[in-house]
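In what follows, a single structure is set out as structure tokens and then discussed.
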Amino acid sequence: MDLSNIARSAEPSATLSLNALAKQLVADGEEVVSFTVGEPDFDTPENIKQAAIRAIESGYTKYTPASGYPGLREAISGAFSRRNGLDYPPGRILVSNGAKQALYLLMLCVLDPGDQVLLPAPYWPSYADQAKACGAEPVVIDCTSEPGLKLTPRALEASIGPKTRLLIINSPCNPTGMVYGRDELEALAQVAVEHDLWIFADEVYEQLIYDGHSHVSTASLSDEICRRTVTFNAVSKTYAMTGWRIGYAAGPEEVITAAGRLQSNLTSGPNSIAQKAAFEALNGPQETVEEMRLTFDKRRELLVNGLNEIDGIECRKPQGAFYAFPDCSGLLNHQYNGQQVDNSMALSKALLETVRLAAVPGSPFGAEGYLRFSYAVSEEDIEKGLDKLGQFIAMRDAT
């Protein structure tokens, strides 16, 4: 029997696929330095884990309301107010099984088959696959030649057609680490208003910003922009809670209510125990967030400086998140250990096979010639990885 068009078109995550291959090599006894998966290498803070234990011991193991338990939605409302100056009452907040699920649910609420979704590239690959799963068409806007790899109003305007329905803005950005300033966001949002577009603002990395840059929530720019914006966030990256799978979205009441109805039929709602842990993450002590940010900052300096010392690599310094996204086009169109490397996928494969270094190719992010390195790894691994890169470069066109 045949699979559906959606099932046939879904691409496996390049990040998770490479990470699985790297883990298999480790299981086989190989030493692999992996920069693939975007998750903090820190343990979840103890107070958060204890909150989950208390939830289990008190019997908080039943269904919660499909859109999230009221206490957590209140806590999220308070976090939006404190951090972003946004007034999102609990009725305009959806708690979901990770921000990824929230994004998909909200796409289902605003997209019809044939609609177009604008993706400034480099972009997070799941955006494209989720749009396709809704029957929509992802339209990639190549920003690799733009300053800071960021979308400009000119490029946005040129990409809008009669079927354009949604613009996705990711700041701080995965994979580039770039952060949009207020003026940049205002210019993009004004174009969206003029063309009656929805804006999905993915702000999952908002608390991981460096060098004095500031996070600005798109929805905070004006009431008019807020009415067409859905804001996404999660506890995953900020509190080292990737496996707990709690994300959330906030936006106009009618679209959030519709997403809650969908969620009630798809998953019945998020995990009750993880929601109690997320409540503690948002309302409890915040010192560990700054400790992790400072550690990421040190790793950022070490990795980016090291990458820029390698012939054939150019790396902008990321302003947020925990990814470096170097232009490695200078490494292409060469042979390494007898392997011809002409694109980022081949480069990524050759690095893993020859020197046991795992990095994600840029092509799934819409940026051929780039690699993504997560610096959510130890300084020791960063130094080992840079050494392995040097070993790889030494193989170039060797006979």
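Backbone geometry of segment 220-226 corresponds, through the Karplus equation with coefficients 6.51, -1.76 and 1.60 at θ = phi - 60°, to 3J(HN,Hα) couplings of 7, 5, 6, 5, 5, 6, 4 Hz, x marking Gly and Pro.
Projecting the Cα atoms of VAL32, MET1, SER13 onto the charge dipole of segment 1-48, computed from C-beta unit charges around the Cα centre, puts MET1 farthest toward the positive end. Any idea how far the Cα center of segment 161-212 sits from the one of segment 266-314, in Å? The two parts, judged by their Cα centres, are 20 Å apart.
Across q = 0.10, 0.15 Å⁻¹, segment 96-236 modelled as identical point scatterers on its alpha-carbon atoms has Debye log10 I(q)/I(0) values of -0.29, -0.68, in the order of the q list. Using the Cβ of SER374 as centre and a radius below 10 Å, the other residues enclosed give a net charge of 0, where K and R count +1 and D and E count -1. Over all distinct alpha-carbon pairs, what is the Kirkwood Rh of segment 48-283 in angstrom? For segment 48-283, the Kirkwood estimate is 18.0 Å.
When the GluC sites (Glu not before Pro) in segment 243-332 are filtered for DSSP coil states and for at most 15 other beta-carbon atoms within 10 Å of their beta-carbon, the remaining sites are GLU309. Against the chain, whose longest principal axis is taken from its Cα atoms, helix 182-194 shows a tilt of about 60°.
In the chain, helices alone account for a calculated mean residue ellipticity at 222 nm of -13000 deg cm²/dmol, with every DSSP H run of four or more residues adding -39,500 (n - 2.57). Projecting the Cα atoms of LEU208, THR231, PRO270 onto the charge dipole of segment 48-283 (Cβ charges, centred on the Cα centre) puts PRO270 farthest toward the positive pole. Counting only Cβ charges, +1 for Lys and Arg and -1 for Asp and Glu, the dipole size of segment 1-142 around its Cα centre is about 680 debye. Note the angle between two axes, namely the Cα long axis of helix 14-27 and the longest principal axis of the Cα atoms of the chain, as a number of degrees from 0 to 90, rounded to the nearest 10. The two axes meet at around 60 degrees. Considering only C-alpha atoms, what is the centroid distance from segment 327-399 to segment 82-110, in Å? Here the two parts' Cα centres lie 37 Å apart.
Phi-derived couplings, Karplus 6.51 cos²θ - 1.76 cosθ + 1.60 at θ = phi - 60°, listed residue by residue for segment 116-130: 10, 10, 8, 10, x, 9, x, 9, 6, x, 4, 4, 5, 5, 5 Hz, with x used for Gly and Pro.
Converting phi to 3J(HN,Hα) with the Karplus coefficients 6.51, -1.76 and 1.60 and the offset θ = phi - 60°, segment 253-269 yields 4, 5, 7, 5, 4, 5, 5, x, 5, 4, 4, 4, 8, 9, 10, 6, x Hz in sequence order, with x at every glycine or proline.
Counting only Cβ charges, +1 for Lys and Arg and -1 for Asp and Glu, the dipole size of segment 244-321 around its Cα centre is about 240 debye.
Read-outs throughout are calculated quantities, based only on the coordinates presented, and are distinct from any laboratory measurement. This one's a predicted model, so the numbers in the text were calculated from it and none came from an experiment. Methodologically, a virtual Cβ is constructed for each residue, glycine included, from the backbone with ideal geometry; neighbour enumeration extends over all protein chains shown.
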